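Okay, structure first, notes after.
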Amino acid sequence: MGQVIEKTFNGLKVPQGEKITFKDGKPVVPAHPIIPFIEGDGIGRDIWRASQRVFDAAVKKAYGDTRSIAWYEVFAGEKAKNNHGEWLPEGTIEALKEFPVSIKGPLTTPVGGGIRSLNVALRQIFDLYCCVRPVRYYQGVPSPVVSPEKMNVVIYRENTEDVYAGVEFVSGSKEAKQLIDLIASFGKTVRPDSGIGIKPISKFGSQRLVRRAIEYAIAHNLPSVTLVHKGNIQKFTEGAFRDWGYELAAEEFAAKAISEDKVWADFEGKTPAGKVLVNDRIADSMFQQILTRPSEYSVLATTNLNGDYLSDACAAQVGGLGIAPGANIGDSCAIFEATHGTAPKYADKDVINPGSVILSGVMMFEFMGWTEVRDLINNAFAKTIQQKLVTYDLERLMPGAKKLKTSEFADAIISNF
Ligand code: NAP
């Protein structure tokens, strides 16, 4: 099945399979794709073992022997440091470039010098400019709100700019002082003992993110894309994000999307059938509305920092971290990943919830167009939770639930296919 690839990465042979390629920002997926995985540190080991079993069983159930995944382990984090002396070996970067759809567990962020965060490094190296976080409710999961099922959103968070760009200067440094002097020459005052962080938001960065969000809404027949921003205060960054978003919608999606202003001006506030409504909300109001009127929102396009806060707030509302999936997507590479950390105290105990990686896999299969696998896993996952078969984190909050080990939870999902 597939070609034999002679090249090795980190000294490891590539399994027999076929390469995924990208055309116009979309993956072209063969029947037996080679997919690299980074197992992840801490609980990553338990989670990956369980998740891979679920993925393989679902592919087999959906396609028999006509399709399969050639999993290829690549190293990052502690395992890479131990085996190769580096947190993120060059071989791993090359492999992720060569086989551009991959999945990863959580990684320890090395403390002290060197790479700031491996996750941030991967996003930058591969220009993964969309951080995508779908947030929906699975019946039976304990939630802090009365009607968690009303939330069903997909957050498209810009992943490369904003205060995450790393343009920061410590208080008292030569650079901070020079910048403060420069700002003074523009007639603005900044206290001399300030640390300085720069918040760059570009038209290019904003529009490529909003484009992906609108494309997603169109492809999935979703009613709206909401541009979330703090433009009432930060006019030339957050406000510009909103303006560029509307501009892009008008220029590139005139036939399929319509702005809220136009809906009111021409259609008495009723979105014409078949069009995606593009509206905007100020971030603080958005945080209220996800609690008070969650069903009015479907795709949220956000700047980087707002999206970071908003994704966790939304995830908490439907039952939390252990089952929140994520993806980082660019034009020629996509890495699907757990959104939680390495929870070292639970490592190798076979107790942790593998839901975040399993549902990240669901996103990956959807991205690959393997929708039968997506649906099999999604439905079986929902059913398993409804049967109150869950790991410790949910069991402690669900009266009458049965506590399963990580591996048993995977078995339960597979038996529900
Ligand atoms: P964490 O690993 O996410 O764990 C915090 C707590 O969240 C756990 O103690 C546990 O709570 C709960 N939790 C996390 N994952 C869970 C799962 N799969 N199932 C059930 N409960 C889960 O956060 P942290 O302790 O702040 O970070 C530890 C390390 O992870 C750090 O090195 C950090 O840099 C790294 N990290 C990596 C990523 C990433 O790779 N994407 C993301 C965040 C953090 P209870 O104890 O209450 O059960």
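Computed from phi, the 3J(HN,Hα) profile of segment 181-186 under the Karplus parametrisation 6.51, -1.76, 1.60 (θ = phi - 60°) reads 5, 4, 4, 4, 5, 8 Hz, with x in place of Gly and Pro.
Please compute the per residue accessible area over the chain with all protein chains in place, 1.4 Å probe, rounded to a whole number of Å². Before the final figure, lay out each step's value.
Numbers: 18780 Å² over 417 residues.
Averaged over the residues of the chain, the accessible area is 45 Å².
Cα centroid separation, segment 201-266 to segment 142-159: 20 Å. In order along segment 23-29, the phi-based Karplus estimate (6.51 cos²θ - 1.76 cosθ + 1.60, θ = phi - 60°) of 3J(HN,Hα) comes to 10, 6, x, 10, x, 10, 10 Hz; Gly and Pro are listed as x.
Mark the label point 7 Å from the Cα of residue 98 along Cα→Cβ and return the residues of segment 1-40 whose backbone N is within less than 15 Å of it. Counting backbone N atoms under 15 Å from the label point, the list is 3-21, 34-37. With 5 Å bins beginning at zero, the pair-distance distribution over Cα atoms of segment 53-198 amounts to 2, 7, 10, 11, 12, 13, 14, 11, 8, 5, 3, 2, 1, 0 %. Approximating the spin labels as points 7 Å out from Cα along Cα→Cβ, the residue 190-to-residue 6 distance works out to 5.5 nm. Computed over the chain, the quotient of the alpha carbon radius of gyration and 2.2 N^0.38 Å is 1.02. The simple spin-label model puts a point 7 Å past each Cα toward its Cβ; for residue 233 and residue 251 those points are separated by 2.9 nm. Between the amide H of residue 71 and those of 35, distances stay under 5 Å, these residues lying 5 or more places away or on another chain, with hydrogens modeled in the peptide plane.
For residue 13, the aspartates and glutamates whose Cα comes closer than 19 Å to its Cα, not counting residues fewer than 8 places off in the same chain, are 39, 73, 90, 94, 98. Put 6, 296 in order of accessible area, highest first, and with a 1.4 Å probe you get 6, 296. Give the residue list of trypsin sites (Lys or Arg not before Pro) in segment 315-417 that are DSSP loop and have at most 11 other beta-carbon atoms within 10 angstrom. When the trypsin sites (Lys or Arg not before Pro) of segment 315-417 are filtered for loop state and at most 11 Cβ neighbours within 10 Å, 396 remain. Stokes-Einstein at 37 °C, 0.692 mPa s, Kirkwood radius from Cα pairs: D for segment 78-156 in µm² s⁻¹? The calculation lands on 210 µm²/s. When DSSP beta bridges are restricted to pairs lying wholly in the chain, around 45% turn out antiparallel.
When only alpha carbons are used to place a centre, segment 347-417 and segment 13-73 end up 18 Å from one another. Mean residue ellipticity at 222 nm, helices only, the chain: -12000 deg cm²/dmol; runs of at least 4 DSSP H residues each add -39,500 (n - 2.57), and the sum is divided by the number of residues. Of the listed pairs 104/383; 345/405; 199/230; 203/270; 81/104, which have alpha-carbon separations greater than 18 Å here? The answer is 104/383; 203/270. Placing pseudo-labels 7 Å out from each Cα toward the beta carbon at residue 348 and residue 120 gives an inter-label distance of 3.0 nm.
The values are calculated or read from the model by the stated rules, or taken from the named source; none is laboratory data. None of the values given here were measured: they were computed from a predicted structure. Reconstructed Cβ throughout: ideal geometry from the backbone, glycine too, with neighbour counts over all protein chains shown. Areas reflect the complete protein model, heavy atoms only, side chains present, ligands, DNA and RNA absent. Shrake-Rupley method; radii C 1.70, N 1.55, O 1.52, S 1.80 Å.
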